[in-house]
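The values are calculated or read from the model by the stated rules, or taken from the named source; none is laboratory data. Model, not experiment: these values are computed from the prediction. Heads up, the Cβs are rebuilt from the backbone with ideal geometry, glycines too, and the neighbour counts pull from every protein chain shown.
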Amino acid sequence: MTTKPLPDLTPTGTCWCGCAKKTGAGSFFAPGHDKVAEAALLAAEYGSSVAQLLHGHGYGPGHSVSARAVAEGAWQTCPSCDYVGAPASIVNHRKKAHAAASATEQG
């Protein structure tokens, strides 16, 4: 969820990483090629540096991209600690990080 308007994109049947492979119905990428495209973009535009990517968008120390994701509603904060992530990541985190504490409290 972003406050910035994003264009409506339509899968074309061809992988968007540029490899020209055919994709399944409703898919932008061949399996795994979303990560290929992401890495290629990072290399081409930011010298393979996530720090450069963040800086280029105004993030870094003192301006957290994670806090922005939470504020925009795209990410959540774990109700038991300060971990932040996508909703599915929070579920996995709670199962792993807080399972021992939950078992101890129940035992």
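Going by the structure shown, is Ala20 surrounded by 11 or more Cβ atoms within 10 Å (Cβ to Cβ) and either modelled with pLDDT of 95 or more or touching a Phe, Trp or Tyr at 6+ places or on another chain (Cβ under 8 Å) (or both)? Spelling it out, it is not the case that Ala20 is surrounded by 11 or more Cβ atoms within 10 Å (Cβ to Cβ) and either modelled with pLDDT of 95 or more or touching a Phe, Trp or Tyr at 6+ places or on another chain (Cβ under 8 Å) (or both).
Select the helices (runs of 4 or more DSSP H) contained entirely in the chain, then report the ones holding at least 2 residues which are of a type in the set (Val, Ile, Thr) and free of Cβ contacts under 8 Å to residues at least 24 places away in the same chain. Give the steps one after another, and end with the answer.
Numbers: elements: 33-46, 50-56, 65-71, 87-97, 99-106.
Ranges flagged: 65-71, 87-97.
Counting only residues that are of a type outside the set (Asp, Glu) and under 27 Å from Glu72 (Cα atoms), the stretch 5-31 holds 11 of them.
If you go through the stretch 40-66 and keep only what is of a type in the set (A, V, I, L, M, F, W, C), surrounded by fewer than 12 Cβ atoms within 10 Å (Cβ to Cβ) and under 24 Å from Val84 (Cβ atoms), you end up with Val50, Ala51.
Against the definition (at pLDDT below 95 and either surrounded by 12 or more Cβ atoms within 10 Å (Cβ to Cβ) or of a type in the set (S, T, N, Q) (or both)), how does Thr104 come out, yes or no? Give the derivation first.
On the way: at pLDDT below 95: yes; either surrounded by 12 or more Cβ atoms within 10 Å (Cβ to Cβ) or of a type in the set (S, T, N, Q) (or both): yes.
Criteria met by Thr104.
The set of residues from the stretch 60-99 being over 29 Å from Pro5 (Cβ atoms) and in contact with a helix residue (DSSP H, G or I) (Cβ under 9 Å, 6 or more places away or on another chain) comprises Cys78, Pro79, Ser80, Cys81, Tyr83, Arg94.
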